[in-house]
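Written out below as structure tokens is the structure these notes cover.
The values are calculated or read from the model by the stated rules, or taken from the named source; none is laboratory data. Only a predicted model underlies this, so the values are computations on that prediction, with no experimental measurement involved. Don't worry about glycine lacking a Cβ; one is built from the backbone with ideal geometry, like all the others, and counts go over all protein chains shown. With ligands, DNA and RNA removed, areas are computed over all heavy atoms of the protein, side chains included. Shrake-Rupley method; radii C 1.70, N 1.55, O 1.52, S 1.80 Å.
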Amino acid sequence: MTNVPGPQAQMYIAGTKLLETYAVPPLLYNQVLAIGVTSYNGMVYFGINADRQAMSDVDMLPALLAESLDELLEAAK
């Protein structure tokens, strides 16, 4: 897992508003999962890259991640 702070102001590409940005971390040798976290314009985005042969249920990860983040936010209240 890696984190990369991004710009916190609205950005434009060829005059078009950039809405979201996601990191695409590479899978290194013998690595099954890589998660890149980046911030942009007051939001945080998670980019997930996985070896589907080694982790066939990776489609469940985004929902589980969102659920865990919701639990953390609730606990912080």
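Between F46 and A14, how many nm apart are label points set 7 Å from Cα along the C-beta direction?
The two pseudo-label positions are separated by 3.2 nm.
Whenever you get a sec, compute what percent of the accessible area on the chain sits on carbon and sulfur atoms (1.4 Å probe).
Summing carbon and sulfur atoms, their accessible area is 60 percent of the total for the chain.
Quick one: 3J(HN,Hα) in Hz for region 15-30, Karplus 6.51/-1.76/1.60 with θ = phi - 60°, rounded, Gly and Pro as x.
x, 9, 5, 7, 8, 8, 9, 10, 6, 10, x, x, 8, 8, 3, 6
In square angstrom, what is the accessible area per residue of region 23-77 with a 1.4 angstrom probe?
72 Å²
How far apart, in nanometres, would the label points at I35 and V4 be if each is projected 7 angstrom from Cα along the Cα-to-Cβ direction?
The two pseudo-label positions are separated by 1.7 nm.
Roughly how large, in nm² to one decimal, is the mean projection of the convex hull of the alpha-carbon atoms in region 2-76? Each step should come with its number before you reach the end.
Details: hull surface 26.5 nm².
With the hull built on Cα positions only, its mean projection is 6.6 nm².
Quote the charge dipole size of the chain about the Cα centre in Debye, to the nearest 20; the model charges only the Cβ of Lys and Arg (+1) and of Asp and Glu (-1).
Taking the Cα centre of the chain as origin, the dipole is about 360 debye.
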